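Undergrad: Starting off with a structure, shown below.
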């Protein structure tokens, strides 16, 4: 992955660039991320706040209280087309998550883990060899959570099927 990823929203009014490689890129299967995207999960790259520069346009934001941490999560989106560009977090004020689907080349970053897989929608494939966490990567107290690496792709099931 090269430094200086660029991307933007669907209509092109909001553009951004990054000044370094992401700290990590993961797919989140929590119900909040499912609603934010209107899809099965949200893939985002995490950066230090000062490593993301808006080149064009201004973002609108929506404030949400996390079910897990009870801290604020801010959804930043294009006011014209509604594309979710990024998330910021009261819990981690120095971090900005950038939507992987907004990169000009989304394949420039690899998904290194899947989180909140206990909420993954039926039919979602969890990949072979990638860290998968039932919930978050760390507890609210900051302790690392255990992960699973599947030896073959695994299909997620709805809770009622477990």
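Undergrad: Given an 8 Å cut-off on Cα distances and at least 6 residues of separation, report the relative contact order of the stretch 1-64 as a percent.
TA: 35
Undergrad: From the Cα gyration tensor of the stretch 1-63, with a ≥ b ≥ c the square roots of its eigenvalues, which class applies: rounded if a/c is under 1.5, or else prolate if a/b is larger than b/c, or else oblate?
TA: Oblate.
Undergrad: Could I ask something else about it? Å³ per residue of the Cα convex hull, for the chain?
TA: Working: hull volume 18.9 nm³, N = 162.
Once divided by residue count, the hull of the chain is 117 Å³.
Undergrad: What value does the stretch 33-125 have for Rg/Rh, both radii from Cα atoms and Rh as Kirkwood defines it?
TA: Radius of gyration relative to Kirkwood radius: 0.94.
Undergrad: Run the numbers on the chain and let me know its relative contact order in percent, using alpha-carbon pairs under 8 Å that are six or more apart. It would help to have the intermediate numbers written out before the result.
TA: Working: 363 pairs, mean separation 34.7, N = 162.
After rounding, I find 21 percent.
Undergrad: Would you please report the Å³ per residue occupied by the convex hull of the alpha carbon atoms in the stretch 74-124?
TA: With only Cα atoms used, the stretch 74-124 gives 141 Å³ per residue.
Undergrad: So, one more: For every helix of n ≥ 4 consecutive DSSP H residues, a contribution of -39,500 (n - 2.57) applies; sum these over the chain, divide by its total residues, and give [θ] at 222 nm rounded to the nearest 500 deg cm²/dmol.
TA: -1000 deg cm²/dmol
Undergrad: Additional query: Which whole-number percent gives the relative contact order of the stretch 37-87, counting Cα pairs below 8 Å spaced six or more residues apart?
TA: Here the relative contact order equals 26 percent.
Undergrad: Order these by the 10 Å Cβ neighbour count, fewest first: 35, 100.
TA: Final ranking by Cβ density, sparse to dense: 35, 100.
Just so you know, all these numbers are worked out from the coordinates, no wet-lab data involved. Model, not experiment: these values are computed from the prediction. Don't worry about glycine lacking a Cβ; one is built from the backbone with ideal geometry, like all the others, and counts go over all protein chains shown.
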